[in-house]
Structures are given as C-alpha cells and as structure tokens.
Amino acid sequence: MPSILNADLHCHSVVSDGTLTPEELAVRAAGNGVELWALTDHDEIGGQHRARAAAHAAGMKYLTGAEISVTFANETVHIVGLGFDPDDAGLRDGLIATRGGRGVRAQEMSAGLAKVGIEGAYDGALTFVGNPELISRTHFARFLVESGVCKDTAEVFRKYLTEGKPGYVPHRWASLKDAVHWITDAGGIAVIAHPGRYKFTPNEEYALFTEFQAHGGRAIEVVTGSHAPAEYIEYADKAIEFGFAASRGSDFHSPDESHVDLGKLPLLPGTLTPVWELLEDRIQ
C-alpha cells in the first residue's frame, strides 16, 4: 500500500467501550475517506470478523486489531496489536485472562462511589455496556453523566475515577512482555498506543521504549487523537531515534465523546516508515 494514505488503525466499538457497532464504524470510516481501517477493541477480538466483513462491504482494506492493557512502572499502558490471526489460541486465551479482573474491579468501584452517596453505579454502568466482560471506567462515566451527577465524562474522571478519588480502583493488567508476545506470536505487530498520554518521566519513557523493543515491539502511534500537534513532531522524532515504524489512529469511541472523528487526523509525516508497510501480507 502507498506510504501516504488515510489509515485509521485505532478505534473502539460496542464490543468494548465504544458506542457504535463494528458495521456502523466501518460506514463512518469509509464515509470520511479512510482507505485502511482496523478495529482495536480493548482486550477483546470478538468483533474482528464482523469488522473485516463490514470494511470490505464499505470498500476499505482491513487489518485486524486489538488494544491490550498492560501495567508498566505502576501505570496502565496500552499496546495495540495489528495484523494478527484473530483465531490464534494464545492471543485469545491471554485476552480472556486479562479481562477476568474487570468485573471484580467494577464492583469495588461501585462500592467506593456508594460511600459518597452515588448509589447503583454498577447496575447503571451495565446499561451502557455492550460486553459485560469489558465493563470499564468509561461506562461508569457515561452513567454519572446520564444521571446528572456530572456534566461530562471529563468531569467524572476528574472528580471520581482517577487515583485518590472515590471510584478509583487500580487493576493489574498483563505484563508488557506477555502482550507483545501474544501479538507477535499470532503473526501481528505490536504498537505503543498514544505514548504522549502517559505520565512518565523521560527515563521511564526511555525504559518503556527499550523494553518494548527488546520484547519484539516494532511501532508507536505518532498521529493519534489524544496527541497535540507538537507531540506529532516529538514522537516522529522518537520513532526515528528508536527505529520504530509509525502508526496513525483516531482512538474514536463515540460521535459525542471523541477528540477527533475517524479518518480526520493529519497524515503521517513522509519521513517515517508507516506500520502498514511492515504488514503488507496481512492487509485483507
């Protein structure tokens, strides 16, 4: 595929914490001029076959995708996998294990919110969940906005769902090594999602990049919905420094919540190696 193209390789459907179906996302992406698309639901690959069929029906090329939560230096970091076999048993079983802790965590979050007078948060959050195995802070945030506790999801996170707040419960995810190996053993390429979002010191970020690379990780997101324009430049430089390929993705969740729409990001800088060049044989 050409190195300069409208690729959106990071978004979410109702299979995790998005609000649109894979089919609705495909139509929206194609309508916005996306040429190469990937659905990357959190810790879940159950929507992949639907997404691929919908992409083809809408005239787009498709790469399989997932966004895996890992714990690194006591922070949650997201690793996107692209171009893997969606029927790979090792990847599937690893993701099942990673999802396993979400239900218990959600009950603890609800209990914390109840202590400050917000009752029924677990059941309320469930009404926004397409897949109960993947109940998350995003679903609690939608419930608290819908019920009038907060005006928007940003306020919910600020007041209730970040460290030190009543509804915050930490969760230990997969290790960086495991996530990268699940992806690469299934024939895919591992990508660090939105590196500018993490609260790492320069030394911690360097450690993340070098350990990721040592385990076989090969790319980082450079142009993504939560990066400011200055971060496009910063992480383009980092990609060159470390020899990483570059990825591009909106991180689209919902027409009402997302920073940027599917396919509406700037193109990748032409000096970088696009991750899809490493995945030519996996594009469908």
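When residues of the stretch 137-162 are filtered for being surrounded by 23 or more Cβ atoms within 10 Å (Cβ to Cβ) and not in a helix (DSSP H, G or I), how many remain?
Of the residues in the stretch 137-162, 0 are surrounded by 23 or more Cβ atoms within 10 Å (Cβ to Cβ) and not in a helix (DSSP H, G or I).
Checking residue 273 against (1) in contact with a Phe, Trp or Tyr (Cβ under 7 Å, 6 or more places away or on another chain); (2) closer than 20 Å to residue 5 by Cβ, only one condition comes out false. Which one?
(1)
Mind counting the residues in the stretch 86-114 that are closer than 11 Å to residue 173 by Cα and surrounded by fewer than 16 Cβ atoms within 10 Å (Cβ to Cβ)?
The qualifying residues number 3.
Looking at (1) hydrophobic (A, V, I, L, M, F, W, C); (2) buried (at least 24 other Cβ atoms within 10 Å of the Cβ); (3) outside any helix (DSSP H, G or I), which is the only condition residue 4 fails?
With respect to (1) hydrophobic (A, V, I, L, M, F, W, C); (2) buried (at least 24 other Cβ atoms within 10 Å of the Cβ); (3) outside any helix (DSSP H, G or I), residue 4 is out only on (2).
Please determine whether any residue of the stretch 227-235 is of a type outside the set (A, V, I, L, M, F, W, C) and over 20 Å from the mean Cα position of the chain (by Cα).
Yes.
Taking the condition of being surrounded by 15 or more Cβ atoms within 10 Å (Cβ to Cβ) and more than 20 Å from the chain's Cα centre (by Cα), how many residues in the stretch 241-258 meet it?
Residues meeting the conditions: 1.
In the list 184, 210, which residue meets the criterion of being open to solvent by less than 60 Å² (accessible area, probe 1.4 Å), under 25 Å from residue 102 (Cβ atoms) and modelled with pLDDT of 95 or more?
Only one candidate qualifies: 184.
Quick check on this structure: which one of 46, 31, 83 is small (Gly, Ala, Ser) and either touching a Gly at 6+ places or on another chain (Cβ under 6 Å) or open to solvent by less than 20 Å² (accessible area, probe 1.4 Å) (or both)?
Only one candidate passes the filter, namely 83.
Where in the stretch 170-284 are there strands (runs of 3 or more DSSP E), lying wholly inside it, with at least 2 residues that are in contact with a Leu (Cβ under 7 Å, 6 or more places away or on another chain) and basic (Lys, Arg)?
none
The values are calculated or read from the model by the stated rules, or taken from the named source; none is laboratory data. Everything numeric in this text was worked out from a predicted model, so none of it was measured. Please note: Cβ atoms are built from the backbone with ideal geometry, for glycine as well, and neighbour counts cover all protein chains shown. Side chains are part of the model used for accessible areas, which takes the heavy atoms of the whole protein and leaves out ligands, DNA and RNA. Shrake-Rupley method; radii C 1.70, N 1.55, O 1.52, S 1.80 Å.
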